[in-house]
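Inspection log for the structure reproduced underneath, given as structure tokens.
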């Protein structure tokens, strides 16, 4: 009997073919196109109407536009061509315009800051139990010198004892609360003491002028202890009763007050300038040296207007 041949069937497994890296190239092109698209959208949103018109003119006639205009229709601030192509007169006018408006812009910004500080102080008064109790003694307004805070006396609630420069405990608490806000600004502060018109007679040679100055200095110490930086203090003065709050009633308690002014830049600069000028003598009283005296004599004798008298001839009188 013949043996049957053994047939082995092997099934070939089909393996998915490799697609290669072409999809990566396509994705990179897509990402680049999207980036360019968003860049164009951003430029379109930020460009001015004049810049958009320049771009449109460039694409309509690139050759003619380049020959007759700027090759950079949209400049983002990094192109040197803007400086090169700007006429000198135009650049000078722009600088002069900035010089003329910079002071106005500075004053506007400072005025806005004073108004913000005004609101901030009013909010602190409403939120603070200490200041809320004495809100009728706090007067806040904006003057030509800056933001002014006046702490006035009320009947039965004076800031100081009569004829003394020591703060009442509640007056010290008021200054401590105000110092928290005043210490956060960069402006200089002016502190002024005022009294009423009642003459001070408690000490020989000591008047309302000395009393108002001592009270202003006491307020300065309290503000510094409460958080105001010592270098913030720009002026401490006592005005006695020369600037009354209630002119019709010079003896009224409201005339006894402490004024704190958050000085604006102009006033602070004026104070500094006046102090600098006072340091320079108007007349130089130093004794001139012998060399200076000799030089002055030579200059006088060499002048056309100086002429030594001639010797009189015999028989001639020299008047």
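Values quoted throughout were computed directly from the atomic coordinates according to the rules given, and no laboratory measurement underlies them. Everything numeric here is computed off the predicted structure, so don't read it as measured data. Heads up, the Cβs are rebuilt from the backbone with ideal geometry, glycines too, and the neighbour counts pull from every protein chain shown.
Scanning the range 136-170 for residues that are touching a residue at least 40 places away in the same chain (Cβ under 8 Å), surrounded by fewer than 16 Cβ atoms within 10 Å (Cβ to Cβ), part of a loop (DSSP other than H, G, I, E, B) and at negative phi returns 143, 144, 155, 166. Restricting attention to the range 225-250 and to residues that are in contact (Cβ under 8 Å) with a residue 12 or more places away in the chain and more than 17 Å from residue 193 (Cβ to Cβ), the residue that is surrounded by the fewest Cβ atoms within 10 Å (Cβ to Cβ) turns out to be 225.
In this structure, does residue 134 turn out to be within 24 Å of residue 235 (Cα to Cα) and touching a helix residue (DSSP H, G or I) at 6+ places or on another chain (Cβ under 8 Å)?
Details: within 24 Å of residue 235 (Cα to Cα): no; touching a helix residue (DSSP H, G or I) at 6+ places or on another chain (Cβ under 8 Å): yes.
In short, no.
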